[in-house]
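Student: I have a structure here, written as structure tokens, and I will follow up with some questions on it.
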Amino acid sequence: MSYKPTLSGSWWLQHRFFRAYMLREATVLPLVFLICSLLAGVYSLASLEQFSAWQEFMAKPWVIGIHALALLASLYHALTFFQLFPRVMPIRLGNKQVPAILMVAGQWAGTVAVMVMFLWLFGGGA
Amino acid sequence: MQRDMHKDIHIQRYLPEENAEPFWQTFQVPYDDTTSILDVLNYIKEELDPTLSFRWSCRMAICGSCGYMVNGIPKLGCKDFVRNYPSALRIGPLAHFTVERDLMVAMDEFLDHLEAVKPYLINEPQDKQAPHRQTPAQLAKYKQFSNCINCGLCYAACPQFGLNPEFVGPGAIALAHRYNLDSRDQGQGQRMPILNSHDGVWSCTFVGFCSDVCPKGVDPAAAVNQGKVESAKSMLIQMFRGGA
């Protein structure tokens, strides 16, 4: 005789670690909204009215709010991803293991470089 | 050191001949700063209730027998101390496994997965008398993963294993990876089909709690996810070869 416990649907609420994991996975939700908005933008290029309607939609405060959330969510996801990366892809140079902190710092440097480049490309106005 | 303190210890009991359902029982146990969870269980068995069933052996975190859930977290009874729990202390059997009696779980599911990944050196040495040679650098590649003591804490921490018992799981995959990384081993081709399968490495979503609870610092989550890189490579190679 024996019994096998089953996992309830709320298993991820039981522990701080699982809640942080679910938060990481949930970062995809605002990103899906951002991608849909951008896709709608591509389709709106068909006509001038559609494009101005799309521009109006993108300027709505709640849309800007969700897009700001998407930025925060992707930065949080990047944080977790960068921390996990050295464990999944350990790099050896000769007989020496590249320190994890160096790999994490390198990835953040890359992120900042891309952000600076985009600011330079698109941030200057007209 | 503080002595002569007493604490209420709540233990999840399961006595199938008396009660079809598991139930909680509370024992008052003396403790000091050096009292481990295993000491508590032994005290209860010797002084309070000889019917309490639990597994243990070495008392020094190497046999891997005394895994329990302590306040919902998988722990080795011998490596965890009462002093770490200033408030309530609840001890239950390892999560996600079939419970046979009190704190004893059936390890068969884990052992079946372990056996399936062939966790041993597979090679055909040209000269059977010659020793296996290995450099320190070759040893360093897999050494961390060879510290696994098969305690099963990582399985009790893994919600993916809890949801799908067919998932090969962190411990077995860590050991498969350990042998795949071993320069003396030629068995990767035999292990990859099971790692590539749906219930292999791809069932892992990198929750990462398995590595957090591992008492030996094996980092099974890293092994599983390094296994994903290997699995992707092996699947690509198969695709280009045109084989299934």
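The values are calculated or read from the model by the stated rules, or taken from the named source; none is laboratory data. Keep in mind that this is a model prediction, so the values were computed, not measured. In this analysis, Cβ positions are derived from the backbone assuming ideal geometry, glycine residues included, and neighbour counts consider all displayed protein chains. The accessibility values were calculated without ligands, DNA or RNA, using every heavy atom of the protein model including side chains. Shrake-Rupley method; radii C 1.70, N 1.55, O 1.52, S 1.80 Å.
Student: Give me the net charge for the shell around B:ILE62: Cβ to Cβ below 13 angstrom, other residues only, Lys and Arg +1, Asp and Glu -1.
Tutor: It works out to a net charge of +3.
Student: So, one more: For A:VAL63 and A:ALA20 in one chain, what is 0.36 nm times their gap in residues minus the Cα-Cα distance, to one decimal in nm?
Tutor: Here the answer is 12.9 nm.
Student: Shifting gears a bit: For the residue pair A:TYR3 and A:LEU75, what label-to-label distance in nm results when each label sits 7 Å from Cα along the Cα-to-beta-carbon direction?
Tutor: 4.8
Student: For the stretch B:60-123, just the Cα set please: Rg and Dmax, both in angstrom.
Tutor: Rg, Dmax (Cα atoms, Å): 14.7, 53.
Student: Could you tell me the largest-minus-smallest coordinate of the C-alpha atoms of chain B on each of the three principal axes, in descending order and whole angstroms?
Tutor: That works out to 67, 38, 30 Å along the principal axes.
Student: Would you mind giving the total buried accessible surface between chains B and A, with a 1.4 Å probe and ligands, DNA and RNA left out, rounded to the nearest 100 Å²?
Tutor: Buried: approximately 2300 Å² between A and B.
Student: Tally the DSSP beta bridges in the protein assembly as shown and give the antiparallel ones as a percent, rounded to 5.
Tutor: Details: 22 of 25 bridges.
Around 90 percent of the beta bridges assigned by DSSP in the protein assembly as shown are antiparallel ones.
Student: Beta carbons within 10 angstrom, averaged per residue: use that to sort the peptides B:159-168, A:108-117, A:62-71, highest first.
Tutor: On the way: B:159-168: 19.4, A:108-117: 11.2, A:62-71: 13.6.
The densest-packed peptide leads the list: B:159-168, A:62-71, A:108-117.
Student: What's the average, rounded to a whole number, of partner chain beta-carbon atoms within 10 Å of each residue's beta-carbon in B:157-168? Present the calculation step by step, with values, prior to reporting the outcome.
Tutor: Details: counts 3, 0, 7, 1, 1, 5, 3, 1, 1, 0, 0, 0.
If you average over the peptide's residues, the count of other-chain Cβ atoms is 2.
Student: Here is a follow-up. Please compute the per residue accessible area over the protein assembly as shown with all protein chains in place, 1.4 Å probe, rounded to a whole number of Å².
Tutor: It amounts to 56 Å² per residue over the protein assembly as shown.
Student: Viscosity 0.890 mPa s, temperature 25 °C: what is the translational diffusion coefficient of chain A from Stokes-Einstein with a Kirkwood Rh over Cα pairs, rounded to a whole number of µm²/s?
Tutor: In µm²/s, the coefficient is 132.
Student: Now a separate question. Every cysteine in the protein assembly as shown with no other Cys Cβ under 4.7 Å from its Cβ, please list them in numeric order.
Tutor: Lacking a cysteine Cβ partner under 4.7 Å: A:CYS36, B:CYS66, B:CYS78, B:CYS148, B:CYS151, B:CYS158, B:CYS204, B:CYS214.
Student: Grab the eigenvalues of the alpha-carbon gyration tensor for the stretch B:108-241, scale each by 5, take roots, and send me the semi-axes largest first in whole angstrom.
Tutor: 24, 18, 13
Student: What's the magnitude of the charge dipole for the protein assembly as shown around its Cα centre, counting Lys and Arg as +1 and Asp and Glu as -1 at the beta-carbon? Answer in Debye, nearest 20. Working shown, then result.
Tutor: Values: 31 positive and 30 negative charges, 264 e Å.
Computed about the Cα centre, the dipole is about 1260 debye.
Student: Could you order B:THR205, A:THR27 by accessible surface area, starting with the largest, using a probe radius of 1.4 Å?
Tutor: Order by accessible area, largest first: B:THR205, A:THR27.
Student: What full-extension length gain, to one decimal in nm, is calculated for B:PHE240 and B:TYR43 as 0.36 nm per residue of separation minus the Cα-Cα distance?
Tutor: 64.7 nm
Student: Please give the net charge around A:ALA78, taking every other residue with its beta carbon less than 15 angstrom from that of A:ALA78, where Lys and Arg add +1 and Asp and Glu add -1.
Tutor: 0
Student: Suppose a student asked you for the relative contact order of chain B, using Cα pairs under 8 Å spaced at least 6 residues apart; what percent would you report?
Tutor: 17
Student: In addition: Looking only at Cα atoms, what is the convex hull volume of the stretch B:5-105 per residue, in Å³?
Tutor: 95
Student: Given A:ILE35, A:PHE82, A:ALA70, which one lies farthest toward the positive end of the charge dipole of the protein assembly as shown, if we put +1 on the Cβ of every Lys and Arg and -1 on the Cβ of every Asp and Glu?
Tutor: Going by the charge dipole, the pick is A:PHE82.
Student: Over the whole of A:1-10, what's the average partner chain Cβ count within 10 Å per residue? Rounded to a whole number, please.
Tutor: 6
Student: Sticking with this one: Please compute one quarter of the surface area of the Cα convex hull for the protein assembly as shown and express it in square nanometres.
Tutor: Directional mean of the projected Cα hull area for the protein assembly as shown stands at 28.5 nm².
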